[in-house]
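As structure tokens, the structure follows; a few thoughts come after it.
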Amino acid sequence: MRVLELFSGLGGWRFALRERGQVLAAYDVNEAANATYALNHGEVPVPRELAHLSLQELAGHGADTWLLSPPCQPFCRMGNHQGLEDRRSRAFLHLMDLFREAPPERLVLENVGGFLGSDAHALLLDRIRAHGLHWLDLQACASHFGLPNMRPRVFVVASRKPLIARPLPQLQPEPLGAFLDAVEDERLYLDAETYARHGFGMDLVRAEERRSTCFIGGYGRRFVGSGPFLKTERGVRRFSPSEVARLLGLPATFRFPEQLSLEVRYKLLGNGLSIPVAAWALDHLT
């Protein structure tokens, strides 16, 4: 596959793609995401707003596959539910215009569950049908892949060739302790006042448990509804960025540029892919 990685973020699709194909170009406007992508993949994404991408530039790459994770806020449970009316959908809308003129041979889109049945989903299926592609609407969670993390996502997989849905693995999640740092960062512990104020609504887990809730981009700023917190003999702390990365299935070699703050690292991870789940979605194309 000759791939365009759109809304590339940390480069999760590239991690999942591996030997299945080659990324010809990645696109993202977030400087921190692009610096992280470059550090891990050795190439800098094009810092172009996709809403302004020209048909000539798109076609010039000679790609046959689009991998994309558009902003989920217009469709997520805690979002505004404005779908295509949300300004963050402008890039997706423009890509659908380009799709009409220069459709890819294959496509995989990832998003939150609210994408299915939305106006954006309907528009994508309209483009897919118009060009005679086959497609599957898939749903999967990282917890099916041995990861103790609930991160349900949907995938729209499209191809010129007929597609057959693959069964989900049913791997028993490992204990959270297998994903923890060997040495704790003491700065991640909450002080007594903070815990007293927010503890009643926090999702608390222990190292021996085999589940955790979904990490979102606001994990570094919010205490309730943003993800799990680890309860130890010493107290309660956030999961470190490296621990969150492991729970997303990112490789052991993954790293952030040193200058990025904790808050930025959490935001990038919260917008990221679960790598084994993305790889399963890609397997439908091979």
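The values are calculated or read from the model by the stated rules, or taken from the named source; none is laboratory data. Since we're looking at a predicted model, the values are computed, not measured. For neighbour counting, all protein chains shown are included, and Cβ atoms are generated from backbone atoms with ideal geometry for every residue, glycine included.
So which strands (runs of 3 or more DSSP E) are wholly in the range 1-100 and hold at least 3 residues that are out of contact with any Lys or Arg (no Cβ under 9 Å at 6 or more places or on another chain)?
2-6
How about the range 113-222: which strands (runs of 3 or more DSSP E) wholly inside it have at least 3 residues that are over 21 Å from the mean Cα position of the chain (by Cα)?
203-205
Name the single residue, out of those in the range 1-30 being of a type in the set (D, E, K, R) and touching a residue at least 12 places away in the same chain (Cβ under 8 Å), that is surrounded by the fewest Cβ atoms within 10 Å (Cβ to Cβ). Give the derivation first.
Quick first cut of the range 1-30, residues of a type in the set (D, E, K, R) only: 2, 5, 14, 18-20, 28.
If we keep only those that are touching a residue at least 12 places away in the same chain (Cβ under 8 Å) as well, we get 2, 5, 14, 18, 20, 28.
Details: 2: 16, 5: 26, 14: 24, 18: 10, 20: 14, 28: 24.
Per the criteria, the residue is 18.
Tell me which residues, restricted to the range 112-136, are in contact with a Leu (Cβ under 6 Å, 6 or more places away or on another chain) and at pLDDT 95 or above.
Across the range 112-136, the qualifying residues are 134, 136.
Here are some residues: 17, 107, 39, 98. Which one is under 19 Å from the mean Cα position of the chain (by Cα), farther than 26 Å from residue 245 by Cβ and at pLDDT 95 or above?
Numbers: 17 fails: farther than 26 Å from residue 245 by Cβ; 39 fails: farther than 26 Å from residue 245 by Cβ; 98 fails: under 19 Å from the mean Cα position of the chain (by Cα).
Sole residue among the options that is under 19 Å from the mean Cα position of the chain (by Cα), farther than 26 Å from residue 245 by Cβ and at pLDDT 95 or above: 107.
Quick one: what pairs do we get from the range 125-152, first residue farther than 15 Å from residue 115 by Cβ, second part of a strand (DSSP E or B), C-beta under 7 Å, 6+ apart or different chains?
Once the first residue is farther than 15 Å from residue 115 by Cβ and sits in the range 125-152, its partners that are part of a strand (DSSP E or B) give 133/158; 133/159; 134/158; 134/159; 144/171; 145/171; 146/171.
Of (1) in contact with a Pro (Cβ under 7 Å, 6 or more places away or on another chain); (2) exposed (fewer than 12 other Cβ atoms within 10 Å of the Cβ), residue 210 satisfies all except one. Which?
Single failed check for residue 210: (2).
Need the failing condition index for residue 183 against (1) crowded, with 18+ Cβ neighbours inside 10 Å; (2) assigned by TED's automatic domain parsing to the domain that holds residue 251, just the number.
(1)
Any residue at all in the range 66-73 that's out of contact with any helix residue (DSSP H, G or I) (no Cβ under 6 Å at 6 or more places or on another chain), surrounded by 17 or more Cβ atoms within 10 Å (Cβ to Cβ) and over 21 Å from residue 117 (Cβ atoms)?
yes
So is residue 272 assigned to a loop (DSSP other than H, G, I, E, B) and either closer than 16 Å to residue 14 by Cα or in contact with a strand residue (DSSP E or B) (Cβ under 7 Å, 6 or more places away or on another chain) (or both) or not?
yes
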